[in-house]
Amino acid sequence: MRFVLQINGDPREVEAEEDVRLLDLLRDTLKLKGARFGCGSNACGACYVLIDGQAVASCDTPLWAAAGKDIVTVEGLGSETAPHPLQQAFIDQQAAQCGYCTSGMLVSAAALLRRNPHPDEQEVREALDRNLCRCGSHNRIVRAVMQAAEQGNAS
């Protein structure tokens with residue numbers, strides 16, 4: 001089937017089966033490698049993308065469910081020359097160790113700051129609760145999200 005998707009602000013036309021996982025389409029077809037395969041069952045957050053502003057596991061989202069929606073991957077948050085405030089805060093706070101969870105954490109934090117630009121620490125922790133970090137960088141990640149929120153313009 002042919003689908004037209006809005007990905008990172010650009011319309012993309014793809015030919016794929018309707019039940020292909022969004023994660024596979026992003027990584028294998030469109031070569032957007034930011035979302036990572038972790039668990040395959042929406043239990044770790046490594047594959048999160050924004051769909052209509054909500055953090056969603058792309059590993060268990062079929063293509064048909066994403067069609068016609070606004071999809072933003074971590075690549076769509078910012079660029080190397082103009083990083084998103086969250087990306088810069090993660091750098092400033094050294095909030096990534098191995099980096100496997102980082103894209104999902106950034107996406108979840110971006111969703112939080114879109115709906116609540118000034119969260120308190122507990123709200124940040126709750127918003128990131130579904131994201132696993134095996135390196136134990138949670139405190140630095142929370143500090144980075146709080147930094148981005150304090151600086152504003154993080155949505």
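Every read-out reported here was derived from the displayed coordinates using simple, explicitly stated rules and does not represent laboratory data. Keep in mind the model is a prediction, meaning the values are calculated, not measured. All Cβ positions, even for glycine, are placed from backbone atoms using ideal geometry, and neighbour counts span all protein chains on display.
General remarks:
- Antiparallel DSSP beta bridges within the chain, as percent of all bridges there, nearest 5: 85
- Approximate spin-label separation Asp28-Glu13, in nm, with each point projected 7 Å along Cα-to-Cβ: 2.3
- Over the residues of the chain, the helix contribution to mean residue ellipticity at 222 nm works out to -8500 deg cm²/dmol, using -39500 (n - 2.57) for each DSSP H run of at least 4.
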